[in-house]
Amino acid sequence: MSKGTKEVNNVEIIDIGSNGKGIAKINNIVTFVRETVPGDIVDIKVFRKKRKFHEAEPIHYHKYSEKRI
């Protein structure tokens, strides 16, 4: 893992943001995850950390949401 990135396992996407990214909460920090929908269970890699939120990308899908088309 490179400096500044963090991997988190088995994260549930709980909502979707206005920008189309899935939303998860990790240690009470809102995390926006690309290419996910509510109900997905994923492993993620955090690539950007801001004071009030983080941004991440999925690296492995454990379970796809039933809301996917």
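General observations
- Taking the listed residues 35, 7, 12, the one that is more than 21 Å from residue 67 (Cβ to Cβ) and acidic (Asp, Glu) is 7, with no other qualifying.
- Subset of region 1-46 [polar (S, T, N, Q) and under 11 Å from the mean Cα position of the chain (by Cα)]: 9, 10, 31, 36
- Scanning region 1-51 for residues that are among the hydrophobic types (A, V, I, L, M, F, W, C) and within 15 Å of residue 63 (Cβ to Cβ) turns up 11, 13, 14, 24, 33, 37, 41, 42, 44.
- Residue 30 over 18 Å from residue 64 (Cβ atoms) and not polar (S, T, N, Q): yes
- Failed condition for residue 27, given (1) of a type outside the set (D, E, K, R); (2) out of contact with any Pro (no Cβ under 7 Å at 6 or more places or on another chain); (3) at pLDDT 95 or above: (3)
The values are calculated or read from the model by the stated rules, or taken from the named source; none is laboratory data. None of these values were measured; they are calculated from a predicted model. Note: ideal-geometry Cβ built from the backbone for every residue, glycine included; neighbour counts use all protein chains shown.
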